[in-house]
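The values are calculated or read from the model by the stated rules, or taken from the named source; none is laboratory data. Quick caveat, the model's predicted, so the values are computed rather than measured. A quick note on method: Cβ atoms are made from the backbone with ideal geometry, for glycine too, and the neighbour counts reach across all protein chains shown.
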Amino acid sequence: MGFIDKIKKYKWIAKVILTTSWADKKKIISGFKNADQYYEIENTKTNMKDLLKCTLCPNMCRFECPSLRVTQKEMYAPATKARISYHMERGDIPMSDLHSAEVPYICTNCDGCQTWCPMDISAGDLLRGVRADLVAQDIYIPGVKEFEEKVVTAKTAFTESTFSSNPDFNVNMENPNVFYYTGCVMAEKKPEAVKANIEILKFAGVSFCTHTDKRQCCSGPLYTLGFDETVKKFAEQNLALFDESGVEVIIADCPACVNTIKNTYRELGYDHDYKVMTTGQYYAQLIKQGKLKLEHPVNISITYHDPCILVRKLERQPFIDTGNLDPELRYNGENELDSSRYIFSKIPGLELKDVFLHGQQTQCCGRGGVSHVHHPEISDKIGKQRVKQLKDMNADEIVSACPACEEGLNYNGVELCLDIGEVLLKAIRK
């Protein structure tokens, strides 16, 4: 968020301070001057200063939190989770108390809270840091450590053959410019979407590789759960594979993979110069450059589920856009805002029926935060709510751009959630 945008978003705070009495102004100034003692705590991975802000907030984001919405327990509201976590970090509540340790995990990391936060704080990011502090002390809620061990052993959340079982996925052209990084969920649950993406890349004349014979998980799910040290090992191995391949661009069919490689690896100290994009962002770029021609009418209506990571981390806008929604105006090759709707606008015969809560106002599919691993009942309740919203649009197809979302929506009542690549292919095939 830019400096001007921050001023606009926080100006209401300035008005409150300016209209208070001098006595209250002195208290506010004193509070700022002595605040360090409350958040300067050594050896924490979370941002204690922002955690305290979230703790003291009037909880304006509570209506947006999917975990609170389905549990209807106030202790799972963003500010309450922050409050409990803050006291755990300070030692007021023992971290070893698993009832308390569970609280930071009742979060799908959807960043819906940040969308509405006047201080632009992501409670999900803060709680992820608290999880990392729990892991650092060998404190695990049920299901978390077992999941980490599985990923370390199989190099994926599924089986050792997830990437290698389908030889058609292993495409390695001469002097590739692009590494198509298939996500674990896409390879395991949506092989038809992987085939669609490979066909699109070949149609566009892209020189690419997949190296599914050497592939492993990006480790994004492990980072979400707090296993920072394990993630570093995966980062080293994945970046070595990218270096070996000689590519300049990495595209992934999973926004979580993109966010992990593009942002998390760098945050953990593994800087790199690769351009990292979702397949959708890359296709939008090819379309805009005239390298991907969409000539065949599809003659279907769709409703689209915006993946939280895509619209709130990778394509985040300063404010919720309630103005001109023309995809041509919202998208350009530099900032890649709303790449999905840009693609849809270019597919002949496609009717988009946007669900009421879309774009940055999207609602979680339930699979965020690896919730289906440690709290499956909460995950499924969130998913079922989203499925109803999407089905109520009565479109021919439900589409998304995240394999975890697609698999979660399928599991909770959508007969078949298509990937954006599958829809795009319909406009390419004769």
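Look at the range 191-203: where a residue is closer than 16 Å to Leu294 by Cβ and assigned by TED's automatic domain parsing to the domain that holds Cys254, no partner that is assigned to a helix (DSSP H, G or I) and at pLDDT below 95 sits 6+ places away or on another chain with Cβ atoms under 7 Å. In the set Gly246, Gly280, Gly226, only one residue is in contact with a helix residue (DSSP H, G or I) (Cβ under 9 Å, 6 or more places away or on another chain), at positive phi, in contact (Cβ under 8 Å) with a residue 24 or more places away in the chain and not β-branched (Val, Ile, Thr); that residue is Gly226. Among the numbered conditions (1) more than 17 Å from the chain's Cα centre (by Cα); (2) of a type in the set (Lys, Arg); (3) at pLDDT below 95, the only one that Lys353 does not meet is (3). Does any residue of the range 46-67 turn out to be crowded, with 22+ Cβ neighbours inside 10 Å, closer than 16 Å to Tyr223 by Cα and in contact with a helix residue (DSSP H, G or I) (Cβ under 7 Å, 6 or more places away or on another chain)? Yes, some residue in the range 46-67 is crowded, with 22+ Cβ neighbours inside 10 Å, closer than 16 Å to Tyr223 by Cα and in contact with a helix residue (DSSP H, G or I) (Cβ under 7 Å, 6 or more places away or on another chain).
Can you tell me which residues in the range 103-123 are among the charged types (D, E, K, R) and buried (at least 18 other Cβ atoms within 10 Å of the Cβ)? Listed by number, the list holds a single entry, Asp111.
Okay, residues lined up against (1) assigned to a helix (DSSP H, G or I); (2) at pLDDT below 95; (3) more than 25 Å from the chain's Cα centre (by Cα); (4) not acidic (Asp, Glu):
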residue	(1), (2), (3), (4)
Glu146	yes, no, no, no
Glu149	yes, no, no, no
Val152	yes, no, no, yes
Thr156	no, no, no, yes
Thr159	no, yes, no, yes
Phe163	no, yes, no, yes
Pro176	no, no, yes, yes
Tyr180	no, no, no, yes
Met186	yes, no, no, yes
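Which residues, counting only those in the range 260-280, are outside any helix (DSSP H, G or I) and among the hydroxyl-bearing types (Ser, Thr, Tyr)? Residues satisfying the conditions are Tyr270, Tyr274, Thr278.
Residues in the range 286-305 that are crowded, with 19+ Cβ neighbours inside 10 Å and touching an Asp or Glu at 6+ places or on another chain (Cβ under 9 Å): Ile302, Thr303, Tyr304, His305.
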